[in-house]
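Here is the structure we will look at.
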Amino acid sequence: MENILFHLGYPKCSSTTIQRSFFEKNDHIFYGGLGINDNISYCNNDIEFIFECLLKYAKHTFYYNHREWAKETVKALLDKVSKNKKIVFSSEVLSVSFTGQILDTHQKLERIRELFEGYNINFLVVIRNQLDLIQSLYKEFVKMGLTISYSEFIKYIWIYQDRSILNELDYADTIDIIKTYFPASNIKIMFFEDITKNVKTINTELSDMLGIPEQNMEINNDNPSLSDSQAYHLLQYNLKFRLGETMMDNFANHRNRVLIHRLNPLALNDEIFGNVLAKRKALAETENMPPIPNATSLLFELNASALSSYNQMNAFYKKTNQRLKEKLHITLPDAYTK
């Protein structure tokens with residue numbers, strides 16, 4: 001049975017760097033995407049449609065109507081792969097659901113099992129201290145047009161935990177969900193904190209995981225985060241000039257380009273990439289604004305109500321991280337439990 005590695009994310013955990021610097025460029029890997037030639041492309045349109053539509057958004061009827069075609073498409077592609085190459089796919093949004101439109105983790109994994117039936121599926125999960133990750137995600141959402149304050153962001157995650165990313169950042173639960181569908185021995189965890197200390201960890205650990213020679217590849221930061229100062233400037237810009245996006249409801253129009261073109265061949269690029277063009281304009285407008293000395297406190301200050309939610313969130317993640325530590329018998333970086 002042929003092995004396949006799925007890199008599930010998490011977002012803002014060096015995912016683009018791993019995709020662009022290692023998976024895409026390694027001679028020993030057949031890489032299906034994403035992150036081929038740019039940050040959003042797969043090896044072909046059919047695979048992009050499978051990952052960005054069928055595995056992320058499609059309701060049951062739409063998925064069912066395309067399921068057999070998708071299975072045949074996957075098999076036809078992988079049958080052509082050289083036996084000397086390791087097969088890898090990656091999509092960090094498989095690990096989280098930014099909006100109510102995106103499927104939950106159970107549904108995504110069940111569909112991966114169905115569409116890749118007959119293959120031995122392995123998983124790479126890169127995790128990061130949750131509160132640091134949430135801060136980074138907030139800046140990423142501001143980059144895409146979000147107009148709410150960090151206080152509102154924190155309160156949304158905690159109060160609306162029935163639909164937010166709160167539980168998807170419970171890494172112990174994520175591992176349990178994967179184990180529902182695949183063997184526990186097929187799951188590999190890496191720590192973002194280890195990668196930031198030494199990016200060459202990507203070369204050594206992933207080469208060892210895949211059983212390929214280490215090539216000492218150049219590892220670049222292919223999607224750097226905004227500085228706190230630019231993020232603060234950008235938030236003010238969003239509030240003044242843009243409608244914003246309510247918890248990312250439409251942030252992924254450009255990621256659905258294949259679906260849109262299939263169902264509406266006359267769709268214009270301005271429609272599909274409108275959010276990207278607006279984002280680029282905003283970034284250009286704020287890139288050279290003078291730095292703000294107290295940008296971090298301005299950007300991430302919490303009002304009393306949000307601080308209460310934040311403290312409860314902190315206690316929640318310390319508890320779940322302790323469960324992860326005991327479950328996997330691993331040593332976690334200090335930030336996960338303190």
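Residues in the range 208-230 that are crowded, with 17+ Cβ neighbours inside 10 Å, assigned to a helix (DSSP H, G or I) and either hydrophobic (A, V, I, L, M, F, W, C) or without any contact (Cβ under 8 Å) to a residue 40 or more places away in the chain (or both): 1 in all.
Every residue in the range 145-163 that is crowded, with 20+ Cβ neighbours inside 10 Å, part of a loop (DSSP other than H, G, I, E, B) and in contact with a helix residue (DSSP H, G or I) (Cβ under 6 Å, 6 or more places away or on another chain), please. Across the range 145-163, the qualifying residue is only G145. You will find that of K139, K75, the residue that is buried (at least 22 other Cβ atoms within 10 Å of the Cβ), of a type in the set (K, R) and outside any loop (DSSP other than H, G, I, E, B) is K139 and no other.
Whether any residue in the range 109-119 is of a type in the set (D, E, K, R), assigned to a loop (DSSP other than H, G, I, E, B) and either in contact with a strand residue (DSSP E or B) (Cβ under 8 Å, 6 or more places away or on another chain) or closer than 30 Å to N314 by Cα (or both) is what I want to check. Checked against the condition, which is being of a type in the set (D, E, K, R), assigned to a loop (DSSP other than H, G, I, E, B) and either in contact with a strand residue (DSSP E or B) (Cβ under 8 Å, 6 or more places away or on another chain) or closer than 30 Å to N314 by Cα (or both), the range 109-119 yields no hits at all. All of (1) farther than 17 Å from N223 by Cα; (2) in a loop (DSSP other than H, G, I, E, B) hold for N37 with one exception: (1). In summary, M313 fulfils each of the numbered conditions (1) farther than 28 Å from M190 by Cα; (2) of a type in the set (A, V, I, L, M, F, W, C); (3) crowded, with 16+ Cβ neighbours inside 10 Å with the single exception of condition (1).
Pairs linking a residue in the range 100-119 that is modelled with pLDDT under 95 to a residue that is among the basic types (K, R), with Cβ atoms under 6 Å and 6 or more positions apart or on different chains, are G100/R163; I102/K56. Please specify each residue of the range 166-189 satisfying the condition of being in contact (Cβ under 8 Å) with a residue 12 or more places away in the chain, under 20 Å from E110 (Cβ atoms) and part of a loop (DSSP other than H, G, I, E, B). If the condition is that a residue be in contact (Cβ under 8 Å) with a residue 12 or more places away in the chain, under 20 Å from E110 (Cβ atoms) and part of a loop (DSSP other than H, G, I, E, B), then D170, F182 are the ones that fit. Taking each residue of the range 59-71 that is closer than 18 Å to I47 by Cβ and in a helix (DSSP H, G or I) and looking for partners that are modelled with pLDDT of 95 or more and of a type in the set (A, V, I, L, M, F, W, C) with beta-carbon atoms closer than 7 Å, six or more apart or interchain, yields Y63/L54; H66/L54; A70/I50; A70/L54; A70/L115; K71/L115. Take L115 and tell me if it is touching a Leu at 6+ places or on another chain (Cβ under 8 Å) and either under 19 Å from F23 (Cβ atoms) or surrounded by 14 or more Cβ atoms within 10 Å (Cβ to Cβ) (or both). Judged against the criteria, L115 is a match. When the criteria are applied in full, L298 meets the requirement of being more than 24 Å from the chain's Cα centre (by Cα), modelled with pLDDT of 85 or more, part of a helix (DSSP H, G or I) and among the hydrophobic types (A, V, I, L, M, F, W, C). If you go through the range 207-241 and keep only what is of a type outside the set (A, V, I, L, M) and closer than 14 Å to S136 by Cβ, you end up with N221, N223, P224, S225, S227, D228, Q230.
The values are calculated or read from the model by the stated rules, or taken from the named source; none is laboratory data. Just so it is clear, the structure is predicted and the values come from calculations on it, not from any experiment. Because the Cβ atoms are built from the backbone with ideal geometry, glycine has one as well, and the counts that use them run over all protein chains shown.
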